[in-house]
1. From the residues in the range 242-260 that are aliphatic (A, V, I, L, M) and open to solvent by less than 20 Å² (accessible area, probe 1.4 Å), which one is nearest to residue 188 (Cα to Cα)?
2. Would you check if residue 210 is of a type in the set (Gly, Ala, Ser) and within 26 Å of residue 35 (Cα to Cα)?
3. Considering every residue within the range 214-221, establish whether at least one is touching a Cys at 6+ places or on another chain (Cβ under 7 Å) and either outside any helix (DSSP H, G or I) or modelled with pLDDT of 95 or more (or both).
4. From 15, 20, grab the single residue that is of a type outside the set (Gly, Ala, Ser), within 30 Å of residue 238 (Cβ to Cβ) and surrounded by fewer than 18 Cβ atoms within 10 Å (Cβ to Cβ).
5. Does residue 176 satisfy being among the β-branched types (Val, Ile, Thr), open to solvent by 40 Å² or more (accessible area, probe 1.4 Å) and within 15 Å of residue 216 (Cβ to Cβ)?
6. What about residue 9, is it over 19 Å from residue 264 (Cβ atoms), in contact (Cβ under 8 Å) with a residue 40 or more places away in the chain, surrounded by 13 or more Cβ atoms within 10 Å (Cβ to Cβ) and touching a Cys at 6+ places or on another chain (Cβ under 6 Å)?
7. Which members of the range 58-87 meet the condition of being open to solvent by 60 Å² or more (accessible area, probe 1.4 Å) and at negative phi?
8. So for the range 107-116 (the condition being in contact with a His (Cβ under 7 Å, 6 or more places away or on another chain), open to solvent by less than 30 Å² (accessible area, probe 1.4 Å) and within 30 Å of residue 195 (Cα to Cα)), does at least one residue qualify?
Amino acid sequence: MISSTSTRWLTRSAVAWTTVAVTGQLFFALYITMLYGSGLVAGRFAEALDTVMPRGHVPGDTVGNAVIASHLFMAVLMIVLSGVQLLPVIRRRAPHLHRWSGRAFATLASLLAVGGLYLVWVRGGAAGDGGNHLGVSSNALVILFCAFMAVRAGRARNISTHRRWALRLYLAANGVWFFRIGLTLWLVINGGPVGFDPNTFTGPFLTGLAFAQFLLPLLVLEGYLRAREQQRAVVHMTMATVLILCTVATAAGIASATMILWWPRM
């Protein structure tokens, strides 16, 4: 049988993970702004693009360079909007704002997905090998599908279905962020690169992570959504435990990404 205690634990564990994740995503957005924004202001944006990304700036490639620049700008906006979408107070007290920010979020996520496909398969030079590119491309296609389903359900006023697809879109759209915190946490746990070559950025671990960056969060979400529908306390408590472990792992990943990737370049 269900109990109020198990329900509270399930809800609070979900809130805890969301709070940690949104905080880490906002810090990621701050890192992007500081690194590339300062380069733009200082007149060395091309140099800033080459700081982290392979072939970030290619002389003469006007279209590709523009896609990269817009990609970064839209990523910051999308991260901020994704956090806004998760605030219950916005949904309750400002539904009009929620709808418009949701449309903007879905649009930005879709544009970023298409831009990512262009950068990988048209412009070329993306990090990793074919397996990595396939994982990233699969993530982009999932983003486009989730955005379509979320918008369609929203227009049909099917709120329950809309929220499910919107949550899936939120997780899939942040696949790049999950990749970074997963990679750096792996490096910290193992004391260095294991399962991949850091020079060529290829290897079985990176290929697996390219798919896990969106499949694993979506799997956990499905478990949470199904647990909420169950009337058994043991199911609620089991899922709450999983979410607590995910919260700890996410916090550790954010800390490792901050130490290794973000803070040194801000």
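The values are calculated or read from the model by the stated rules, or taken from the named source; none is laboratory data. It should be emphasised that the depicted structure is a prediction, and the values quoted were computed from it without experimental measurement. Heads up, the Cβs are rebuilt from the backbone with ideal geometry, glycines too, and the neighbour counts pull from every protein chain shown. What goes into the accessible areas is simple: the full protein's heavy atoms, side chains included, and nothing from ligands, DNA or RNA. Shrake-Rupley method; radii C 1.70, N 1.55, O 1.52, S 1.80 Å.
1. As a first pass, look at the range 242-260 and keep what is aliphatic (A, V, I, L, M): 242-245, 248-249, 251-252, 254-255, 257, 259-260.
If we keep only those that are open to solvent by less than 20 Å² (accessible area, probe 1.4 Å) as well, we get 243, 257.
Values: 243: 22, 257: 10 Å.
The extreme case among them is 257.
2. Considered against the rule, which asks whether it is of a type in the set (Gly, Ala, Ser) and within 26 Å of residue 35 (Cα to Cα), residue 210 comes out as yes.
3. yes
4. Going through 15, 20 in turn, the sole match is 15.
5. Details: among the β-branched types (Val, Ile, Thr): yes; open to solvent by 40 Å² or more (accessible area, probe 1.4 Å): yes; within 15 Å of residue 216 (Cβ to Cβ): yes.
So residue 176 passes the test.
6. no
7. Listed by number, the residues that qualify are 59, 62, 63, 73, 77, 80, 87.
8. We begin by selecting, within the range 107-116, every residue in contact with a His (Cβ under 7 Å, 6 or more places away or on another chain); these are 112, 115.
Pick out the ones that are also open to solvent by less than 30 Å² (accessible area, probe 1.4 Å) and you get 112, 115.
Pick out the ones that are also within 30 Å of residue 195 (Cα to Cα) and you get 112, 115.
Yes, that holds for at least one residue.
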